[in-house]
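Undergrad: This is the structure I want to talk about, given as structure tokens.
The values are calculated or read from the model by the stated rules, or taken from the named source; none is laboratory data. Since the structure is predicted, the reported quantities are computational estimates derived from the model, not experimental observations. As a convention, Cβ positions derive from the backbone with ideal geometry for all residues, glycine included, and neighbour counts pool all protein chains shown. With ligands, DNA and RNA removed, areas are computed over all heavy atoms of the protein, side chains included. Shrake-Rupley method; radii C 1.70, N 1.55, O 1.52, S 1.80 Å.
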Amino acid sequence: MKKPIIVQQQGTSDCGVACLLSILRYFGGNNKIENLRQLSGTTLQGTSMLGLKQASEKLGMDAEAYEIEDVDLFKMKADLPCIIHLLMEGNMEHYVICYKIPTSKSDFYLIGDPAFGFREWTEEKILSHWKSRVVLFLRPNKHFVYSPQTRFSKVILMRNLIKNDIHLLIIASVMGIIIAALGMSTAIFTQNLLDHILPEFQFKKLYLGLFLFVLIGLAKSGIGYLRGVFLIRQAREFNIRIMDDFYGKLFQLPSDFFISRKTGEIITRINDTRRIQELISYLFGSLIIDLLVVFTSVIFIFYYSSFIGFISLFTVPLFICLMSIFHRQIIDSQKEVMSSSAMAESHFVDVISGIHSIKAVNKENFFIARGKQFYQNFQNKVFNLGFIANTFGLWSEFASNIIISIILGFCSLAVLNNQIKLGEMMAIVAIGANLINAVSRLTNSNIRLQEATIALERMHEFSSNDLMNTDGGKSNELISSEFKFESLKINNLSFRFSGRLELFSHINLELKNGELLIVLGEIGSGKSILLQILQKIYNYDSGSILIDNKELRQIDSIFWRNQIGIVGQEIKIFSSTIIENIILDDVLSEHENVIKFCEYWGFDMFFKKLPNSYMTIVGENGVQLSGGQKQLVGLVRALYRRPKILLLDEPTSSLDEKTEKFVFDVLGKLKSEMAILMVTHRGSVISNADKIFEFKSKTLVQMK
Ligand SMILES: Nc1ncnc2c1ncn2[C@@H]1O[C@H](COP(=O)(O)OP(=O)(O)OP(=O)(O)O)[C@@H](O)[C@H]1O
């Protein structure tokens, strides 16, 4: 058997794709979590087995999904590794990889769990969770792409992240080393004081020693202060730089990244930058100092007594042993805290943004209770972690006390036997205590490293350029100034969300410049998705969309989005003025143009009524605007850009009849310079259309 691999999941909905990536790597391939999410149609709720199967097939693997009836037969015939679908506590769906099947009664299943790493499970344990008995067998076929893993890519990423700060970090580290070396001075001075200066009444040496001691103390404090300044400066510069980079990249991610992620998870990623910075400060700060303290302490203790030196060396394996006992529990518990905190955060964001709907039906109590559940769950996990950490702390304390007592005991015997002096004993005990503390901190650093590795892993995904702008578009054959839109043709277009059944198939339509085309259809028939495909939010499976005979896939996304105007079902209003909400910018020189535009087309009468006219600040999500006013802002936002193609999704659903008529009058006048594609339920508006299509049985039928 090759070496089993398990990739850690990055969020609660990633377990399926993390399993898939692990298997890809196991067979010698590679990919990225974000790509796999797209290929498998992973949503906020996770991935379906069908989605995993379809993604595996696209990646050059033969994928067979079964529902196992006879577990003994599965044990005999299973083609490993395979992905199995579990139901965990609280009916949470989860995917794991089965790498090994037990060969005897006392043997275990080897399970690769993307949430917790490798586990050995008994048959009873696995069957208690494997309720669906669904399994996915995967084997690479001739289309499988073998690609070596770039093992050092994270190191390279880390190097790139810190390369601008390296001088600050080196200075801080050197200062740390000096501080650690000077730290030994207290023990050495005490030893000399007790063994030589005081018994021999050497007043001169006493004054000189005290003077040097004060001087060293001052130097230590001064260097410590400067080192602190260097480290906080590095932290500020690093955080600003990494945040700039990260925030910029976040905006370049494809839209479906945001559709398939919980807000809490995205915010957690923003917080990851802080974790990485803390790791860097730790690596160049405490870690180097602790290593040096261990090294110099051992040398000093050996200098005084090699026997006690050997005893103190025993600290290292003892703490490693202790840590290895608690390590897994602490890491697991930490992950549970992180995931429950993300869940609670997502819940609060969700509930607060929907507070009006909750109040409207007096359901506050239900949501308060649910919020409490999430928060209690989070706090329970924090408690568990605290409990484990506390128990670990207790054992560490015991271990430290035992070692220091042993050192003290042997030192006392050595003093009684005249092998060492009293001052030397004091020095050994003081240095020994420092050594124990440093070893304890070093063994703990593993946990910190683990946490930062996950953060680095996530950032690594972000920093890969091939994710960026995967909304599509390669060459930009259409040049903006020359682009005179003539027609949009949809030929035999089919679409399905990965892991779902086909939403529509073989649809055809043609929209020409100067036309208003209306698409009707039942709820959920795919009208909005069709508009989103035209915006290049989703890629289509088969068929073609031709813009003046050029395939939409081949048209650069940024160029394309400059040509289209969109009014979605929900209009996002930002907490700013009406004008800024129209231009989505703060260019002052544009203000006059917007006002002129609104006056010319008659929108002026709606915005003039607001308390501060166009400069009215509309509050978060436009709370100070009515639904109809928000729709008008959305419409002006789209029209002001003078698009060549206007895509409207129920644009008049919140408007009264009079305003709706006004809007259609404006569209009627603007139509000569653009093409309009509108999806709607409202039969009242179809008289304005040049062409009408309707979704029927997953296809489009032309009605006019
Ligand atoms: N990101 C997604 N992942 C999976 N399925 C989705 C996703 N977004 C939408 N769907 C599904 O696609 C189908 C079509 O959705 P769409 O929004 O296009 O419907 P619609 O025709 O515009 O309906 P309505 O008239 O209610 O607006 C729905 O069944 C919906 O559940």
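Undergrad: Sort through ILE325, ILE320, ILE330 and tell me the only one that's closer than 23 Å to GLN379 by Cβ, in a helix (DSSP H, G or I) and among the β-branched types (Val, Ile, Thr).
TA: Numbers: ILE325 fails: closer than 23 Å to GLN379 by Cβ; ILE320 fails: closer than 23 Å to GLN379 by Cβ.
Among ILE325, ILE320, ILE330, only ILE330 is closer than 23 Å to GLN379 by Cβ, in a helix (DSSP H, G or I) and among the β-branched types (Val, Ile, Thr).
Undergrad: Is there a residue in the range 282-298 that is over 30 Å from MET426 (Cβ atoms) and of a type in the set (D, E, K, R)?
TA: Restricting attention to the range 282-298, the residues satisfying the condition of being over 30 Å from MET426 (Cβ atoms) are 282-284.
Retained after the next criterion (residues that are of a type in the set (D, E, K, R)): none.
Checked against the condition, which is being over 30 Å from MET426 (Cβ atoms) and of a type in the set (D, E, K, R), the range 282-298 yields no hits at all.
Undergrad: Tally the residues that are modelled with pLDDT of 90 or more, within 18 Å of LEU700 (Cβ to Cβ) and in a loop (DSSP other than H, G, I, E, B), restricting the search to the range 477-514.
TA: Matching residues across the range 477-514 total 0.
Undergrad: Here's another thing I want to ask about it. Collect the residues in the range 211-266 that are of a type in the set (Lys, Arg) and more than 16 Å from the ligand (Cβ to nearest atom), keeping them in residue-number order.
TA: Selection gives LYS220, ARG227, ARG233, ARG236, ARG241, LYS249.
Undergrad: Which members of the range 291-346 meet the condition of being within 30 Å of HIS94 (Cα to Cα) and aliphatic (A, V, I, L, M)?
TA: Pass one, the range 291-346, residues within 30 Å of HIS94 (Cα to Cα): 323-346.
Within the range 291-346, MET323, ILE325, ILE330, ILE331, VAL337, MET338, ALA342, MET343, ALA344 meet the criteria.
Undergrad: SER340 versus (1) open to solvent by less than 50 Å² (accessible area, probe 1.4 Å); (2) more than 17 Å from the chain's Cα centre (by Cα); (3) at pLDDT below 85: which is the lone unmet condition?
TA: (2)
Undergrad: Regarding PHE410, is this residue of a type in the set (Phe, Trp, Tyr) and more than 30 Å from VAL349 (Cα to Cα)?
TA: Working: of a type in the set (Phe, Trp, Tyr): yes; more than 30 Å from VAL349 (Cα to Cα): yes.
Yes: the conditions hold for PHE410.
Undergrad: Let me ask something else about it. Could you please give the count of residues in the range 604-636 that are in contact (Cβ under 8 Å) with a residue 60 or more places away in the chain and open to solvent by 30 Å² or more (accessible area, probe 1.4 Å)?
TA: At the first step, the residues of the range 604-636 found to be in contact (Cβ under 8 Å) with a residue 60 or more places away in the chain are 621, 631, 633-635.
Imposing the further condition that a residue be open to solvent by 30 Å² or more (accessible area, probe 1.4 Å) reduces the set to 621.
Residues that pass the stated criteria total 1.
Undergrad: Starting from the range 681-704, keep only residues that are within 19 Å of LEU503 (Cβ to Cβ), then list their pairs with residues that are among the small types (Gly, Ala, Ser) and open to solvent by 40 Å² or more (accessible area, probe 1.4 Å) whose Cβ atoms are within a distance under 9 Å, requiring at least 6 positions of separation or different chains.
TA: Close Cβ pairs (under 9 Å, with a partner that is among the small types (Gly, Ala, Ser) and open to solvent by 40 Å² or more (accessible area, probe 1.4 Å)) amount to HIS681/SER653.
Undergrad: Another question, if that's okay. When you check LEU87 against the structure, is it away from the ligand (no atom under 16 Å from the Cβ), open to solvent by 10 Å² or more (accessible area, probe 1.4 Å) and within 17 Å of ASP14 (Cβ to Cβ), yes or no?
TA: On the way: away from the ligand (no atom under 16 Å from the Cβ): yes; open to solvent by 10 Å² or more (accessible area, probe 1.4 Å): yes; within 17 Å of ASP14 (Cβ to Cβ): no.
No.
Undergrad: Among the candidates LYS381, LYS335, LYS372, single out the residue that is open to solvent by less than 90 Å² (accessible area, probe 1.4 Å), of a type in the set (Lys, Arg) and at pLDDT 85 or above.
TA: Values: LYS335 fails: at pLDDT 85 or above; LYS372 fails: open to solvent by less than 90 Å² (accessible area, probe 1.4 Å).
Result: LYS381 is the single residue among LYS381, LYS335, LYS372 that is open to solvent by less than 90 Å² (accessible area, probe 1.4 Å), of a type in the set (Lys, Arg) and at pLDDT 85 or above.
Undergrad: Please verify whether ASP649 is acidic (Asp, Glu), loosely packed, with under 15 Cβ neighbours inside 10 Å and closer than 25 Å to PHE693 by Cα, treating the condition exactly as stated. Outline the logic, then answer.
TA: Details: acidic (Asp, Glu): yes; loosely packed, with under 15 Cβ neighbours inside 10 Å: no; closer than 25 Å to PHE693 by Cα: yes.
Considered against the rule, which asks whether it is acidic (Asp, Glu), loosely packed, with under 15 Cβ neighbours inside 10 Å and closer than 25 Å to PHE693 by Cα, ASP649 comes out as no.
Undergrad: Taking the range 515-535 as the search range and keeping residues that are open to solvent by 30 Å² or more (accessible area, probe 1.4 Å) and charged (D, E, K, R), which one is modelled with the highest pLDDT?
TA: GLU515
Undergrad: Quick one: how many residues across the range 660-679 are modelled with pLDDT under 90 and farther than 23 Å from GLU694 by Cα?
TA: 4
Undergrad: Touching a helix residue (DSSP H, G or I) at 6+ places or on another chain (Cβ under 6 Å) and of a type outside the set (Asp, Glu) - does that describe any residue in the range 547-564? Break it down stepwise before answering.
TA: If we filter the range 547-564 for residues that are touching a helix residue (DSSP H, G or I) at 6+ places or on another chain (Cβ under 6 Å), which is where we start, we get none.
Within the range 547-564 (the criterion being touching a helix residue (DSSP H, G or I) at 6+ places or on another chain (Cβ under 6 Å) and of a type outside the set (Asp, Glu)), the answer is no, since none of the residues qualifies.
Undergrad: Can you tell me which residue in the range 240-268 is surrounded by the fewest Cβ atoms within 10 Å (Cβ to Cβ), limited to those that are acidic (Asp, Glu) and in contact with a helix residue (DSSP H, G or I) (Cβ under 9 Å, 6 or more places away or on another chain)?
TA: Narrowing the range 240-268 to residues acidic (Asp, Glu): 244-245, 256, 265.
Subsequent filtering for residues that are in contact with a helix residue (DSSP H, G or I) (Cβ under 9 Å, 6 or more places away or on another chain) retains 245, 256, 265.
On the way: ASP245: 16, ASP256: 21, GLU265: 21.
Of everything passing the filter in the range 240-268, ASP245 is surrounded by the fewest Cβ atoms within 10 Å (Cβ to Cβ).
Undergrad: If you take the residues in the range 1-56 that are free of Cβ contacts under 8 Å to residues at least 60 places away in the same chain and open to solvent by 10 Å² or more (accessible area, probe 1.4 Å), which one is nearest to the ligand (Cβ to nearest atom)?
TA: Initial filter on the range 1-56 (free of Cβ contacts under 8 Å to residues at least 60 places away in the same chain): 2-3, 17, 21, 24, 26, 31, 36, 45-46.
Keeping just the survivors that are open to solvent by 10 Å² or more (accessible area, probe 1.4 Å) gives 2-3, 26, 31, 45-46.
Values: LYS2: 35, LYS3: 36, TYR26: 29, ASN31: 21, GLN45: 10, GLY46: 12 Å.
Top of the filtered list is GLN45.
Undergrad: Can you tell me which residue within the range 540-578, out of those that are modelled with pLDDT under 90, within 16 Å of the ligand (Cβ to nearest atom) and closer than 23 Å to VAL633 by Cα, is surrounded by the most Cβ atoms within 10 Å (Cβ to Cβ)?
TA: Filtering the range 540-578 for residues that are modelled with pLDDT under 90, within 16 Å of the ligand (Cβ to nearest atom) and closer than 23 Å to VAL633 by Cα, the one surrounded by the most Cβ atoms within 10 Å (Cβ to Cβ) comes out as ILE571.
Undergrad: Is it the case that the range 509-530 has a residue that's within 12 Å of the ligand (Cβ to nearest atom), more than 22 Å from PHE693 (Cβ to Cβ) and touching a residue at least 24 places away in the same chain (Cβ under 8 Å)? Can you show your working first?
TA: At the first step, the residues of the range 509-530 found to be within 12 Å of the ligand (Cβ to nearest atom) are 519-530.
Pick out the ones that are also more than 22 Å from PHE693 (Cβ to Cβ) and you get none.
No; the residues of the range 509-530 include none that is within 12 Å of the ligand (Cβ to nearest atom), more than 22 Å from PHE693 (Cβ to Cβ) and touching a residue at least 24 places away in the same chain (Cβ under 8 Å).
Undergrad: Please tell me if LYS474 is assigned to a loop (DSSP other than H, G, I, E, B), away from the ligand (no atom under 16 Å from the Cβ), modelled with pLDDT under 85 and within 33 Å of the chain's Cα centre (by Cα). Break it down stepwise before answering.
TA: Working: assigned to a loop (DSSP other than H, G, I, E, B): yes; away from the ligand (no atom under 16 Å from the Cβ): yes; modelled with pLDDT under 85: yes; within 33 Å of the chain's Cα centre (by Cα): yes.
For LYS474, the condition - assigned to a loop (DSSP other than H, G, I, E, B), away from the ligand (no atom under 16 Å from the Cβ), modelled with pLDDT under 85 and within 33 Å of the chain's Cα centre (by Cα) - is met.
Undergrad: Oh, and also: How many of the residues making up the range 598-614 are in a helix (DSSP H, G or I) and polar (S, T, N, Q)? Break it down into steps so the answer makes sense when it comes.
TA: Initial filter on the range 598-614 (in a helix (DSSP H, G or I)): 598-601, 604-607, 613-614.
Now narrow it down to the ones that are polar (S, T, N, Q): 613.
Selection size over the range 598-614: 1.
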